[in-house]
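Some notes on the structure that comes next.
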Amino acid sequence: MKPAHWMIAALVIALATGCAAPTLSPDVPDRTAPKIDVIWVPSDLIVARRMLELAKVGPNDVVYDLGSGDGRIPIMAAKEFGARGVGVEIDPALIRKSRANAVTAGVTDRVTFVEQDLFTADIGDATVVAIYLGQDVNLRLRPRLLDDLRPGTRIVSHDYDLGDWSPERTVTVDLESRDHRVFLWHVPAR
């Protein structure tokens with residue numbers, strides 16, 4: 001066999017026997033990337049502020065933002081309302097961004113960011129929970145909110161409600177791009 005033919009034959013055999021770049025089969029999950037239920041879209045700062053105002057956040061509050069993205073809600077809760085903030089985010093790149101944003105805002109002593117799935121994170125210390133997740137995720141999260149949060153804990157949601165659990169208040173925030181709704185609930189006594 002001529003040298004060029006030998007090299008071509010070796011390449012064909014190598015590719016046919018699995019020396020090509022590995023790929024994951026559909027039944028093997030990619031363990032390098034977190035499972036993200038919602039693509040992060042930041043709440044406009046005006047909407048974020050309205051969420052915190054509607055929840056009547058103050059210095060005695062611990063505000064948890066589930067799916068906290070760049071940390072804007074916990075940071076705002078600390079900087080403008082005197083509360084403590086906790087951001088729960090599954091994406092490590094967004095956690096790094098949040099921590100950097102907290103340094104820039106000068107609130108690292110009042111905010112914490114944890115890299116966790118919002119369905120498994122410990123949220124029992126929250127006095128306020130902020131969410132901007134999507135209708136299906138809100139509905140999956142609702143039983144956990146009712147079970148894990150203390151009665152009286154306030155829940156505020158940007159744009160998406162909690163199904164047949166009627167909000168106590170709904171406000172509309174008019175922005176140039178579109179109107180945004182903000183919903184408020186209190187966890188009922190058990």
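Ranked by how many other Cβ atoms sit within 10 Å of their own Cβ, fewest first, the residues Tyr132, Tyr160 fall in the order Tyr160, Tyr132.
Relative to one another, the C-alpha centroids of the range 116-188 and the range 47-90 are positioned 13 Å apart. Per residue, the average separation of C-alpha pairs within less than 8 Å and at least 6 apart gives the range 45-186 a relative contact order of 23 percent. Backbone geometry of the range 45-59 corresponds, through the Karplus equation with coefficients 6.51, -1.76 and 1.60 at θ = phi - 60°, to 3J(HN,Hα) couplings of 4, 5, 5, 4, 4, 5, 4, 5, 5, 4, 7, 6, 5, x, x Hz, x marking Gly and Pro. Computed from label points 7 Å out along Cα-Cβ, the spacing between Asp125 and Lys97 is 2.5 nm. At full extension, His186 and Arg140 could sit 14.8 nm farther apart than now, given 0.36 nm per residue minus the alpha carbon distance. Amide H contacts of Val86: Val63, Tyr64, Asp65, Thr112, each under 5 Å away and 5 or more positions distant or on a separate chain (H built 1.01 Å from N in the peptide plane; Pro and chain starts excluded). The charge dipole of the range 44-190, taken about its Cα centre with unit charges on the Cβ of Lys, Arg, Asp and Glu (plus for the first two, minus for the last two), comes to roughly 340 debye. Take every DSSP beta bridge whose two residues both sit in the range 45-186; close to 40 percent of them are antiparallel. In order along the range 62-75, phi translates into HN-Hα couplings of 10, 9, 9, 10, 8, x, 6, x, 8, x, 4, 6, x, 5 Hz, rounded to whole numbers, per the Karplus curve 6.51 cos²θ - 1.76 cosθ + 1.60 with θ = phi - 60° and x for Gly and Pro.
So if each residue of separation counts as 0.36 nm, and I subtract the Cα-Cα distance between Asp179 and Trp165, what length gain in nm does that give? Write down the numbers at each step before the final one.
Working: separation 14, 0.36 × 14 = 5.04 nm, distance 2.20 nm.
Fully extending the segment from Asp179 to Trp165 adds 2.8 nm.
Rule-based calculations on the coordinates, nothing more; no lab input. Because the structure is predicted, anything quoted here is derived from the model rather than measured. Methodologically, a virtual Cβ is constructed for each residue, glycine included, from the backbone with ideal geometry; neighbour enumeration extends over all protein chains shown.
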